[in-house]
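J.: Take this structure first; my questions come after.
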Amino acid sequence: MSDGAEVRIDGVLEEVRASLPPRPTVADLPVLVAGGALIVDIRPIAQRESDGALPGAIVIDRNVLEWRLDPTSPNRLPIAVDADRAIVVVCNEGYASSLAAASLQQLGLRGATDLDGGFQALLASGSLPSVEGASPTDLAEALAGAGTSLPPRGPAPALLSGGGGTGPGCSR
């Protein structure tokens with residue numbers, strides 16, 4: 001894209017996706033969750049209210065994603081300590097999440113990728129219900145209920161929101 005030609009979003013998206021680790025599908029989530037992957041829901045609140053919560057995901061507003069997950073950021077979440085941890089970013093249809101995952105990759109988060117098809121793929125699969133007010137362990141339970149056996153897990157991180165706070169990164 002550096003040949004002087006105009007850059008279009010489709011080209012950027014294609015380039016970004018080629019640079020990401022393999023994009024998991026809905027069917028891949030049980031193994032990723034069992035392995036300790038962090039599932040991050042970046043959908044705007046209106047979409048979460050309309051379609052429901054993603055059980056077990058950490059909610060981080062897109063505008064503060066990098067500050068909350070960069071292990072070197074003073075504004076990181078307590079769970080953001082491992083640059084090699086698998087991170088699966090989820091948006092509504094799997095477009096914005098690809099760009100977000102690429103941004104995390106640029107910060108050195110080598111395990112960052114995004115869910116192919118996004119939250120709509122989860123809904124369409126019928127294997128993962130959208131549950132309002134789900135607890136962080138509900139993702140593993142919902143996936144196990146879909147016919148996948150998961151090993152026991154320790155306490156999962158709490159459902160957090162990335163916006164509305166104070167400090168660097170909140171207005172960026």
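J.: Let me confirm something: among ARG8, ARG62, ARG43, which residue is out of contact with any Cys (no Cβ under 7 Å at 6 or more places or on another chain) and within 20 Å of ASP116 (Cβ to Cβ)?
T.: Exactly one residue qualifies, and that residue is ARG62.
J.: Working only within the stretch 106-119, note down all residues that are closer than 16 Å to TRP67 by Cβ and crowded, with 17+ Cβ neighbours inside 10 Å. Break it down stepwise before answering.
T.: So the first thing to find is which residues in the stretch 106-119 are closer than 16 Å to TRP67 by Cβ, and the list is 106-109, 112.
Selection gives LEU107, LEU109, ALA112.
J.: Kindly indicate whether VAL88 is modelled with pLDDT of 95 or more and of a type in the set (Val, Ile, Thr).
T.: yes
J.: Run down ALA34, ALA57 and say which single residue is touching a strand residue (DSSP E or B) at 6+ places or on another chain (Cβ under 6 Å), modelled with pLDDT under 95 and surrounded by 16 or more Cβ atoms within 10 Å (Cβ to Cβ). Reasoning before the result, please.
T.: Values: ALA34 fails: touching a strand residue (DSSP E or B) at 6+ places or on another chain (Cβ under 6 Å).
Sole residue among the options that is touching a strand residue (DSSP E or B) at 6+ places or on another chain (Cβ under 6 Å), modelled with pLDDT under 95 and surrounded by 16 or more Cβ atoms within 10 Å (Cβ to Cβ): ALA57.
J.: A further question follows. Listed residues SER127, SER149, SER161; which is hydroxyl-bearing (Ser, Thr, Tyr), at pLDDT below 50, in a loop (DSSP other than H, G, I, E, B) and more than 15 Å from the chain's Cα centre (by Cα)?
T.: Working: SER127 fails: at pLDDT below 50; SER161 fails: more than 15 Å from the chain's Cα centre (by Cα).
Just a single option satisfies the conditions, and that option is SER149.
J.: While we're looking at this one, here's another question. List the helices (runs of 4 or more DSSP H) that sit entirely inside the stretch 17-106 and contain at least 3 residues that are within 15 Å of GLN120 (Cα to Cα). Explain how you work it out, then say what you get.
T.: Numbers: elements: 29-34, 45-51, 65-69, 96-106.
Fully inside the stretch 17-106 and qualifying: 45-51, 96-106.
J.: Would you be able to tell me the number of residues in the stretch 102-113 that are within 17 Å of LEU32 (Cα to Cα) and touching a helix residue (DSSP H, G or I) at 6+ places or on another chain (Cβ under 8 Å)?
T.: Here the count works out to 3.
J.: Which ones in the stretch 10-39 are hydroxyl-bearing (Ser, Thr, Tyr) and within 19 Å of LEU107 (Cβ to Cβ)?
T.: Answer for the stretch 10-39, where residues must be hydroxyl-bearing (Ser, Thr, Tyr) and within 19 Å of LEU107 (Cβ to Cβ): just SER19.
J.: Please go through the stretch 54-77 and pick out each residue that is without any contact (Cβ under 8 Å) to a residue 60 or more places away in the chain and among the hydrophobic types (A, V, I, L, M, F, W, C).
T.: LEU69
J.: All but one of (1) surrounded by 17 or more Cβ atoms within 10 Å (Cβ to Cβ); (2) over 22 Å from VAL12 (Cα atoms); (3) in contact (Cβ under 8 Å) with a residue 40 or more places away in the chain hold for ASP51; state the number of the condition that does not hold.
T.: (1)
J.: Turning to a different aspect of this structure: Being among the acidic types (Asp, Glu) and more than 11 Å from the chain's Cα centre (by Cα) narrows it down to one of ASP61, ASP41, ASP70, so name that one. Don't jump to the end; show me each part of the working.
T.: Working: ASP61 fails: more than 11 Å from the chain's Cα centre (by Cα); ASP41 fails: more than 11 Å from the chain's Cα centre (by Cα).
Result of the check over ASP61, ASP41, ASP70: ASP70.
The values are calculated or read from the model by the stated rules, or taken from the named source; none is laboratory data. Note that the structure is predicted; figures quoted are calculated from it, not measured. Cβ atoms come from the backbone with ideal geometry, glycine included; neighbour counts cover every protein chain shown.
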